[in-house]
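There's a structure below that I have some questions on.
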Amino acid sequence: ACMESFHAILKKEEVHQVKYLDYESAKLALFQYIEGWYNRKRIHGQIGYRTPQEVEDLIRMSA
């Protein structure tokens, strides 16, 4: 169910909002969305309303 949720969010927040010129521009835009926004700044309810980056940082600090 997590991947289905991710794909729905990706489509809603990025894919359906942008008209890509070609495959390479789509690939770059999706990478930037995932790495620049989804994993770094967008909060996720399943991980305590934190960003994945915050959770990763907490894990690294406690290791």
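The values are calculated or read from the model by the stated rules, or taken from the named source; none is laboratory data. Owing to the predicted nature of the structure, the values given are computational and were not obtained by experimental measurement. All Cβ positions, even for glycine, are placed from backbone atoms using ideal geometry, and neighbour counts span all protein chains on display.
Going through the range 14-25 one residue at a time, which ones are assigned to a helix (DSSP H, G or I) and either surrounded by 12 or more Cβ atoms within 10 Å (Cβ to Cβ) or modelled with pLDDT under 95 (or both)?
Val15, Ser25
Moving on to the next point. Here are some conditions: (1) among the charged types (D, E, K, R); (2) more than 21 Å from Val55 (Cβ to Cβ); (3) not in a helix (DSSP H, G or I). Lys11 meets all but one. Which one does it not meet?
(3)
I've got another one for you. Confirm whether Leu28 is assigned to a helix (DSSP H, G or I), at pLDDT 95 or above and surrounded by 13 or more Cβ atoms within 10 Å (Cβ to Cβ).
The answer is no for Leu28.
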